[in-house]
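This report refers to the structure that appears directly beneath it.
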Amino acid sequence: MKAAVIVFPGSNCDRDLAEGFGTAGFDVAMVWHKDTALPEGLDVVGVPGGFSYGDYLRCGAIAAQSPIMRAVAAFADRGGHVLGVCNGFQVLCETRLLPGVLMRNSGLKFICRVEPLIVATTESVFTSAYGPGAQIMIPIAHHDGNYQIDDAGLAALRAEDRIAFTYRDNPNGSRADIAGVLSANRRVMGMMPHPERAADPVHGGTDGVALFASLAQALVAA
Amino acid sequence: MKAIVTVMLKQGVLDPQGEAVRSALGSMGFAGVAGVRQGKVIEMDLDDETTEAQVAEMCEKLLANTVIESYRVEMQP
């Protein structure tokens with residue numbers, strides 16, 4: 001199994017995300033944002049957290065226009081799996097691979113703490129190893145994690161069971177407590193919380209392990 | 001020539017920063033500030049042949065996220 005993690009100027013969770021994939025059994029390639037093609041034979045692309053391009057203009061906006069994101073969009077269009085975490089979620093929304101936007105937290109403050117999440121669907125390759133409705137503890141660290149989507153978009157997410165995770169105690173004003181969403185084909189997921197920061201006992205929690213394990217199981221079976 | 005692009009959150013989209021500014025103005029004693037919306041202004045120096053339609057395309061593709069933001073383009077000689 002092969003994963004790639006995209007590295008933008010300002011990414012700071014790229015190695016953590018690579019570690020998360022690696023621990024689950026993936027060979028991981030780091031791919032620089034100026035590259036125009038992804039490695040051959042990839043199973044999944046990770047778009048990591050951080051502050052790509054200094055969050056200039058809007059979080060994720062400049063990264064979304066980078067050469068490698070065209071290749072990632074083409075990979076997703078071919079049915080490839082893509083996981084975006086934190087800034088990576090913002091980038092996937094800016095590339096329109098996922099619906100909605102991430103706005104400034106309603107309390108205006110940067111929030112960095114472990115937050116309880118509810119697994120809202122297990123019908124995805126990212127969440128299948130969790131129990132339905134399970135409550136998990138995953139760290140968040142963001143200033144712009146306030147997920148917003150219009151009424152029609154929210155109705156579609158609900159009708160198609162595409163809300164992956166919700167916050168138990170909505171920390172940032174996100175509509176419908178949404179912490180993570182899936183694409184229409186369920187192969188692209190973005191989430192603000194950091195599963196790769198809860199993937200080893202030394203992190204203080206391991207509730208993120210099941211996400212990478214879900215992916216590994218699904219891709220081995222495929 | 002120049003283009004001045006003003007990007008604002010659409011009406012109905014909650015603007016927590018604008019709301020914080022409004023609240024700060026109130027607590028400083030400025031009465032009667034019913035609402036504050038915060039946006040951005042982007043000034044561009046352009047080749048003389050650049051058309052307003054090209055600037056609008058820049059707005060659609062990068063300068064504004066049209067899911068939540070609207071933009072206004074003002075071309076200046």
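Any read-out appearing in this document is the output of simple, stated calculations on the displayed coordinates, not a laboratory observation. Keep in mind it's a predicted model, so treat the numbers as computed, not measured. Reconstructed Cβ throughout: ideal geometry from the backbone, glycine too, with neighbour counts over all protein chains shown.
Remark: A:C86, A:C13, A:C93 ranked as A:C13, A:C93, A:C86, counting other beta-carbon atoms within 10 Å and listing the fewest first. Considering region B:2-76 at the alpha-carbon level, its Rg and Dmax are found to be 15.5, 49 Å. Put a dot 7 Å past the Cα of B:D47, heading toward its Cβ, do the same for B:I4, and the two dots end up 2.5 nm apart.
If the Kirkwood radius is taken over C-alpha pairs of region A:17-174, then at 20 °C and 1.002 mPa s the Stokes-Einstein diffusion coefficient equals 129 µm²/s.
Calculated FRET efficiency, B:A24 to A:A156, Cβ-Cβ distance, R0 = 41 Å: about 0.60 to the nearest 0.05. Centroid-to-centroid, using Cα positions, region B:43-60 and region A:149-222 are 39 Å apart. Taking Cβ atoms as reference points and 12 Å as the exclusive limit, the residues near A:D207 contribute a net charge of -2, counting Lys and Arg as +1 and Asp and Glu as -1. Between the residues B:M8, B:T50, B:V33, the greatest Cα displacement towards the positive end of the dipole of region B:2-76, with unit charges on the Cβ of Lys, Arg, Asp and Glu, is found for B:V33. Peptide B:63-70 has a mean shielding of 5, counted as Cβ atoms of other protein chains within 10 Å of each residue's Cβ.
Measuring nothing but how far apart in sequence close Cα pairs (under 8 Å, 6+ apart) lie, relative to its length, region A:2-221 scores a relative contact order of 20 percent. Relative to the dominant Cα principal axis of chain B, helix B:16-27 is inclined by about 40°. GNM remark for chain A: springs join alpha carbons under 10 Å apart, and the peak mean-square fluctuation among A:I140, A:I178, A:I62 falls on A:I62.
The chymotrypsin sites (Phe, Trp or Tyr not before Pro) of region A:38-86 meeting both criteria, a DSSP state outside H, G, I, E and B (loop) and at most 13 other C-beta atoms within 10 angstrom of the site's C-beta, are A:Y56. Subtracting the Cα-Cα distance of A:L108 and A:Y56 from their residue separation scaled by 0.36 nm leaves 17.0 nm. Computed over the alpha carbons of the protein assembly as shown, Rg followed by Dmax gives 20.0, 65 Å. Gap in Å between the Cα centre of region A:117-136 and the Cα centre of region A:1-80? Cα centres, region A:1-80 to region A:117-136: 23 Å. Looking at region A:52-90, which trypsin sites (Lys or Arg not before Pro) are in a loop (DSSP not H, G, I, E or B) and have at most 11 other Cβ atoms within 10 Å? For trypsin sites (Lys or Arg not before Pro) across region A:52-90 that sit outside H, G, I, E and B with at most 11 neighbouring Cβ atoms in 10 Å, the list reads A:R78. Using a simple spin-label model with pseudo-atoms 7 Å out from Cα toward Cβ, A:A74 and B:K61 lie 1.7 nm apart. Count the net charge of all other residues whose Cβ sits under 12 Å from the Cβ of A:V44, scoring Lys and Arg as +1 and Asp and Glu as -1. Net charge in that neighbourhood comes out at 0. Among A:T127, A:T36, sorting on how many other beta-carbon atoms sit within 10 Å of each Cβ, with the fewest leading, yields A:T36, A:T127. Give the calculated FRET efficiency between B:V33 and A:E40 to the nearest 0.05, with a Förster radius of 51 Å applied to their Cβ-Cβ distance. Rounded to the nearest 0.05, the efficiency is 0.30. Projecting the Cα positions of A:L157, A:A3, A:M30 onto the charge dipole of region A:2-221 (unit charges on Cβ atoms of Lys, Arg, Asp and Glu, taken about the Cα centre) puts A:L157 furthest along the positive direction. A DSSP coil position with no more than 13 other Cβ atoms inside 10 Å describes the following GluC sites (Glu not before Pro) in region B:1-55: B:E49.
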